[in-house]
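See below for the structure under consideration.
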Amino acid sequence: MYGKIMVCIDDSDARYRVLDEAICLAAADRAQLHIVHVIDLPYLLVTVSFYDPVTLTASLRAKGAKLLEEAQQRASSASMPCTTQLAETEQLTETIAARLQRCAEDCGAALVVLGAHGHRSLDAVLPGSVVNRLGRIATHPILLVPARTQRPSAGTLA
């Protein structure tokens, strides 16, 4: 059904569930798997002014490369070959969602898999999160994988 599945990972623990779901889908469909991590570099360089931008950029790229390497090893352990991509937003006005959409177009993804977890505290309470934005601009199906492994008990907020 899907020839290529793009999976988006971040540094949250939810990335394991997202990746495992994408691996299962890719294996079932005999699809190619493309793993992407996006760094919102222009935003960070403007909002985090008390860090050296060269050091911050190098650190974020190294962390992203490590996340992708771990994801590739996880896919390989499941006998799922994959490609990886460390992407960066290119302008202050480009959102992570817009960059993910470009990545999906560039790699020819038929499906995008990402986590719905509100990783950024502000994104969890305000409209305009990565999931919401990507849902508005995507030209391909999106599968959202919840971060929770269990449903909340009665009487608690999700």
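The values are calculated or read from the model by the stated rules, or taken from the named source; none is laboratory data. None of these values were measured; they are calculated from a predicted model. Backbone-built Cβ (ideal geometry, glycine too); neighbour counts: all protein chains shown.
Observations on the model:
- Sub-9 Å Cβ pairs linking a first residue in the stretch 130-147 that is of a type in the set (Ser, Thr, Tyr) to a second residue that is at pLDDT 85 or above, at least 6 apart or interchain, are Thr139/Gln101; Thr139/Ala104; Thr139/Glu105, ordered by first then second residue.
- All helices (runs of 4 or more DSSP H) inside the stretch 1-89 with 2 or more residues being among the small types (Gly, Ala, Ser) and surrounded by fewer than 19 Cβ atoms within 10 Å (Cβ to Cβ): 15-29, 53-77
- Residues located in the stretch 90-119, provided they are in a loop (DSSP other than H, G, I, E, B) and either surrounded by 15 or more Cβ atoms within 10 Å (Cβ to Cβ) or at pLDDT 95 or above (or both): Glu94, Thr95, Gly108, Ala109, Ala110, His117, Gly118, His119
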